[in-house]
1. Report, in debye and to the nearest 20, how large the dipole of the chain comes out about its Cα centre when Lys and Arg carry +1 and Asp and Glu carry -1 on their Cβ.
2. Taking a ≥ b ≥ c as the square roots of the Cα gyration tensor eigenvalues, with a/c under 1.5 meaning rounded and otherwise prolate when a/b beats b/c, else oblate, which class fits the range 131-219?
3. State which helices in the chain qualify, where a helix is a whole DSSP H run, it must extend 24 Å or more along its own axis by its Cα atoms, and its mean Kyte-Doolittle hydropathy must be at least 0.5.
4. Can you give me the relative contact order of the range 76-153 as a percent, contacts being Cα pairs under 8 Å and 6 or more apart?
5. Using the beta-carbon distance between His103 and Ala194 and R0 = 35 Å, what value does 1/(1 + (r/R0)^6) give for FRET efficiency, to the nearest 0.05?
6. Only bridges with both residues in the chain count here: give the DSSP antiparallel percent, nearest 5.
7. Could you tell me what % of all Cα pairs in the range 83-158 have separations over 19 Å?
8. Calculate, in nm to one decimal, what Ile207 and Glu159 gain on full extension: separation in residues at 0.36 nm each, minus their alpha carbon distance.
Amino acid sequence: MSEIERDTGRQPYVRPDFSKNANHAATAPAFLAVHDIHAYYGESYIVQGVSFNVHEGEILALLGRNGAGKTSTLRAIAQIGSPLMTHGEVWLDHQPLHRMSSHEASRAGLSLVPEDRRIIAGLTVEENLQLAQIAPPIGWSIERIYELFPRLGERRKQEGVTLSGGEQQMLSIGRALARDIKVLLLDEPYEGLAPVIVDEIEKTLNIIKQQGITTILVEQNAVRALKLADRAVILESGEVVFDGTADDVLHNEQLRHDYLAI
Ligand SMILES: Nc1ncnc2c1ncn2[C@@H]1O[C@H](COP(=O)(O)OP(=O)(O)OP(=O)(O)O)[C@@H](O)[C@H]1O
Ligand SMILES: [Mg+2]
């Protein structure tokens with residue numbers, strides 16, 4: 001019996017009003033403060049007043065069912081422009097990302113690794129990493145990235161798109177680290193990967209954390225994400241329905257059932 005199956009019979013989950021968190025940013029700016037953000041794809045209102053704080057050096061799991069708005073929230077934080085953030089603020093280490101372009105937000109220390117990993121065709125592993133360092137701020141050296149992901153070092157001359165799914169994920173994380181980042185936004189990094197590869201990536205996420213980098217991890221594999229994460233935020237229909245510790249979610253059957261279907 002798993003830890004979770006054993007832990008039944010707790011109090012039903014009563015959803016508190018997380019919109020009150022909207023006040024956090026104004027009073028005590030967190031390292032990364034997402035403050036009442038609203039975002040649209042055209043006329044479609046998708047991110048509906050999301051607020052949460054992320055502490056420096058922690059791993060935050062951002063969870064929710066399919067279509068809950070996880071990817072849209074990450075894209076809004078990264079100032080991609082689609083969805084368009086029409087209201088709200090995002091502060092990273094006292095810098096107002098909401099006043100920046102995605103390019104400026106990236107220079108301010110935010111890096112989004114999208115679900116499709118975006119490996120550049122026609123370039124080797126090493127060239128993909130070198131390209132990330134074409135302009136400052138430069139982060140980890142390429143040799144240090146190979147120490148973190150020895151498989152990438154072994155395949156440095158191989159074309160990036162010919163790597164396995166797991167290796168491509170490592171390359172896209174490596175590319176983020178090649179720049180001087182404060183926050184890593186990972187959108188479903190474990191998708192389609194074998195459990196042993198997920199183990200490997202998890203280990204590297206812990207090493208990255210020890211280096212002081214803050215991570216927001218979006219994952220369908222909620223149990224794995226929760227076991228790795230310090231805290232969790234759960235979205236439902238573009239709103240925050242839970243903000244608390246990862247252990248609170250692992251031990252609350254009702255909450256997992258209502259919002260994560262696990
Ligand atoms: N480009 C787009 N144009 C219009 N609507 C979109 C677009 N992308 C996503 N949506 C809608 O926004 C909502 C949130 O989608 P989003 O991709 O953010 O969810 P998600 O939580 O990441 O889901 P998944 O777990 O499937 O990745 C969904 O209803 C989706 O249909
Ligand atoms: Mg998504």
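FYI, it's all coordinate maths here, none of it is from the lab. It should be emphasised that the depicted structure is a prediction, and the values quoted were computed from it without experimental measurement. Neighbour counts are summed over all protein chains in view; Cβ atoms, including those assigned to glycine, are modelled from backbone coordinates with ideal geometry.
1. Working: 25 positive and 36 negative charges, 84 e Å.
Value, rounded to 20: 400 debye.
2. On the way: a/c = 1.60, a/b = 1.09, b/c = 1.48.
Oblate shape, in that a/c is at least 1.5 and b/c is the bigger or equal ratio.
3. On the way: long enough: none.
None clear 24 Å together with a mean of 0.5.
4. On the way: 51 pairs, mean separation 15.3, N = 78.
Relative contact order of the range 76-153: 20 percent.
5. Details: r = 35 Å, r/R0 = 1.00.
Plugging the Cβ-Cβ distance into 1/(1 + (r/R0)^6) gives 0.50.
6. Numbers: 25 of 42 bridges.
Here the share of antiparallel DSSP bridges comes out near 60 percent.
7. On the way: 1429 of 2850 pairs.
Counting pairs separated by more than 19 Å, the tail of P(r) holds 50 percent.
8. Values: separation 48, 0.36 × 48 = 17.28 nm, distance 2.62 nm.
Residue separation times 0.36 nm, minus the Cα-Cα distance, leaves 14.7 nm.
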